[in-house]
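What follows is a set of notes on a single structure, which appears directly below.
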Amino acid sequence: MEKKREHKFSRSHPVLASVLFAIGSLILTELLTHLVNFPIAALIPGYPPAKGIAGVLVSCAVVLWLFRLWFKPEFQGFLGGKPKAAMIPVAAYFVYLIVSVIQSCFTGDRFAMPDLTRMFSAAAAGFREETAFRGMIIPIMMFGAKSKKSIFRACAVSAGIFGVIHIFNVIAGAPLLATLLQVLDAAAVGIALSAIYLSCGNILPSMFMHFIHDVAALSAVDSTSSGGIITADADLGSYLNLMFCMILLGFSLWYILKKENTENILEIRNQKWLIQ
């Protein structure tokens with residue numbers, strides 16, 4: 001009979017465990033991406049070793065597999081679930097993106113079709129960050145979840161860590177005020193992405209939406225570098241976008257904390273974790 005790990009640390013210190021797993025995921029996906037992409041870059045001129053799609057996909061798959069292996073046999077993985085249950089939070093996210101792009105156009109931002117470098121950057125950020133901030137954190141925070149409070153806490157921790165990590169963009173040269181607003185934006189959309197994942201128990205919809213979000217953001221050529229770093233100072237559009245993010249946050253929390261949706265999320269949790 002297979003011996004089960006007790007996971008005492010994850011049970012007793014879920015927030016700290018979530019931070020450690022998320023950091024470990026970011027480091028490991030970065031290393032594996034380079035490892036996989038290096039020989040491809042040697043064969044294909046111009047292929048980016050840091051953000052090439054092959055390395056990104058392989059690295060995320062490996063990290064998610066290692067997580068499932070570590071929590072085996074209790075944890076049932078990141079696929080399956082009820083993908084259709086995420087339709088409403090996904091639709092809300094699409095509405096936010098459309099409104100945000102229209103607002104940016106009216107406030108003077110210039111959009112252009114993203115080139116291959118920007119598409120690779122969008123994929124790298126979307127897939128690797130969802131692996132770390134939803135894939136690692138949400139399951140750990142839902143390890144012993146039994147109530148609406150547990151669901152809210154899982155969202156808050158995932159979104160909070162996701163938001164705070166963006167402060168490091170200042171080191172890459174992003175303006176301080178614009179970065180602080182980005183931290184708030186990221187925390188708000190982190191709630192929305194958490195709502196998508198929690199609603200269906202499948203990591204793919206949140207990965208897809210994160211990718212689409214970053215494609216839209218990187219299409220704003222006057223305010224964002226090809227690597228995804230904000231280059232423009234905060235302006236009226238920045239504050240309007242923050243307002244739209246907060247509306248999305250409010251809707252996402254309202255949706256997942258509705259009684260019937262809470263029951264669905266806890267049912268998915270019981271399917272994903274074969275423990276009570």
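The values are calculated or read from the model by the stated rules, or taken from the named source; none is laboratory data. All values derive from a computational prediction rather than experimental measurement. Reconstructed Cβ throughout: ideal geometry from the backbone, glycine too, with neighbour counts over all protein chains shown.
Tabulated data
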read-out: Selection status of L181, buried (at least 24 other Cβ atoms within 10 Å of the Cβ) and of a type outside the set (S, T, N, Q); value: no
read-out: Any hit, region 98-117, residues being of a type outside the set (S, T, Y) and crowded, with 23+ Cβ neighbours inside 10 Å; value: no
read-out: Which listed residue is modelled with pLDDT under 95 and not β-branched (V, I, T), from A132, A92, A86; value: A86
read-out: Out of K84, K72, K8, sole residue that is within 22 Å of L193 (Cα to Cα) and among the basic types (K, R); value: K84
read-out: Residues located in region 42-59, provided they are surrounded by fewer than 18 Cβ atoms within 10 Å (Cβ to Cβ) and either touching a Pro at 6+ places or on another chain (Cβ under 9 Å) or over 15 Å from R118 (Cβ atoms) (or both); value: A42, L43, I44, P45, P49, A54, L57, V58
read-out: Filter result for the condition that a residue is closer than 18 Å to A124 by Cα, of a type in the set (A, V, I, L, M, F, W, C) and either in contact with a strand residue (DSSP E or B) (Cβ under 8 Å, 6 or more places away or on another chain) or surrounded by fewer than 15 Cβ atoms within 10 Å (Cβ to Cβ) (or both), over L69, L35, L26; value: L35
read-out: Qualifying residue in region 220-229 (condition: touching a Phe, Trp or Tyr at 6+ places or on another chain (Cβ under 8 Å) and buried (at least 19 other Cβ atoms within 10 Å of the Cβ)); value: yes
read-out: Of the criteria (1) in a helix (DSSP H, G or I); (2) under 29 Å from P49 (Cβ atoms); (3) among the small types (G, A, S), which one A172 fails; value: (1)
read-out: Number of the condition not met by L253 [criteria: (1) surrounded by fewer than 17 Cβ atoms within 10 Å (Cβ to Cβ); (2) in contact (Cβ under 8 Å) with a residue 40 or more places away in the chain; (3) closer than 21 Å to I161 by Cα]; value: (1)
read-out: Any hit, region 57-74, residues being under 30 Å from N264 (Cα atoms) and among the small types (G, A, S); value: yes
read-out: Search result, residues across region 101-148 that are acidic (D, E) and within 16 Å of the chain's Cα centre (by Cα); value: E129, E130
read-out: Long-range neighbours under 6 Å by Cβ, at least six apart or interchain, first residue over 16 Å from D233 (Cβ atoms) within region 158-186, second among the β-branched types (V, I, T); value: S158/I137; S158/I138; A159/I191; G163/V183; H166/V183; I167/V183
read-out: Failed item in (1) surrounded by fewer than 17 Cβ atoms within 10 Å (Cβ to Cβ); (2) in contact with a helix residue (DSSP H, G or I) (Cβ under 8 Å, 6 or more places away or on another chain); (3) assigned to a helix (DSSP H, G or I), with V189 passing the rest; value: (1)
read-out: Residues that are touching an Asp or Glu at 6+ places or on another chain (Cβ under 9 Å), more than 17 Å from L69 (Cα to Cα) and either modelled with pLDDT under 95 or of a type in the set (S, T, Y) (or both), drawn from region 7-40; value: none
read-out: Condition broken by S150, with the remaining ones in (1) among the polar types (S, T, N, Q); (2) surrounded by 21 or more Cβ atoms within 10 Å (Cβ to Cβ); (3) touching a Gly at 6+ places or on another chain (Cβ under 9 Å) satisfied; value: (2)
read-out: Filter result for the condition that a residue is touching a Ser or Thr at 6+ places or on another chain (Cβ under 8 Å) and at pLDDT 95 or above, over A192, A217; value: A192
read-out: Subset tally (residues that are out of contact with any Cys (no Cβ under 6 Å at 6 or more places or on another chain), in a helix (DSSP H, G or I) and buried (at least 17 other Cβ atoms within 10 Å of the Cβ)) for region 77-87; value: 0
